[in-house]
Structures are given as structure tokens and as C-alpha cells.
Amino acid sequence: MRKMQDPSSKFIKVRCSNCKNEQIIFGKPSSKINCLVCSTSLADTTGGKGKIKTQILEVLE
Ligand SMILES: [Zn+2]
């Protein structure tokens, strides 16, 4: 079965929940990603699997 919007292999635009900075990150990060402005964690990895921790605004095609 195919998910309608699977961001895992795409770039996504996220908004930092702390400072509202918008940042484009890879949907399946292989390492931790922090906000460039305030260093809040935007994405984490759990068991080698990327996990987005903040609001996803847009999935870029
Ligand atoms: Zn921030």
C-alpha cells in the first residue's frame, strides 16, 4: 500500500516550533538536525530512522 504523502525520501520545509524559522531539511535525516537560528532540535534519529520533531509546512517535490 502506498501512502499519500510520505516525506521520507524528499526534502521538506519545516518551521521551528521555538523561533518560527523556516528551514528545508531532508525528510529522512541520517543525523540530528538543529534549527540554524536557535539550535532547537528539528529532527532526530531513532534506530537509524529519521524522525521529524517539528511542524512540517510543505513536502517539496
Ligand atoms: Zn529555531
key: Cα-centred dipole magnitude for the chain, charges only on beta-carbon of K, R (+1) and D, E (-1), debye, nearest 20   = 180 debye
Dipole axis of the stretch 7-60 (+1 Lys, Arg; -1 Asp, Glu on Cβ), positive-most option in Cys38, Ile24, Ser9 = Ser9
key: Net charge contributed by nearby residues that have their C-beta within less than 14 Å of Thr40 (K/R +1, D/E -1)   = +2
query = Gain in length, Lys49 to Asn18, computed as 0.36 nm per residue apart minus the alpha-carbon separation, to one decimal in nm?
reply = 8.8 nm
ask   = What is the chain's relative contact order, in percent, from Cα pairs under 8 angstrom and six or more apart in sequence?
value = 35 percent
inquiry  = Please list, in order along the stretch 16-22, the HN-Hα scalar couplings obtained from phi with the Karplus expression 6.51 cos²θ - 1.76 cosθ + 1.60 (θ = phi - 60°), rounded to whole Hz, x for Gly and Pro.
reply    = 5, 6, 8, 10, 6, 5, 9
message = Can you give the local net charge around Ile25? Use residues other than it whose beta-carbon is closer than 14 angstrom to its beta-carbon, Lys and Arg +1, Asp and Glu -1.
response = +4
request  = Rounded, prolate or oblate: pick one for the chain, where a ≥ b ≥ c are the square roots of the eigenvalues of its C-alpha gyration tensor, a/c under 1.5 means rounded, and failing that, prolate if a/b is larger than b/c, else oblate.
outcome  = oblate
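The numbers here are math on the coordinates, done by the rules we state, and not lab data. Worth saying up front: this structure is predicted, and the values here are computed from it rather than measured. Note that each Cβ is placed from the backbone with ideal geometry, even for glycine, and that neighbours are counted across all protein chains shown.
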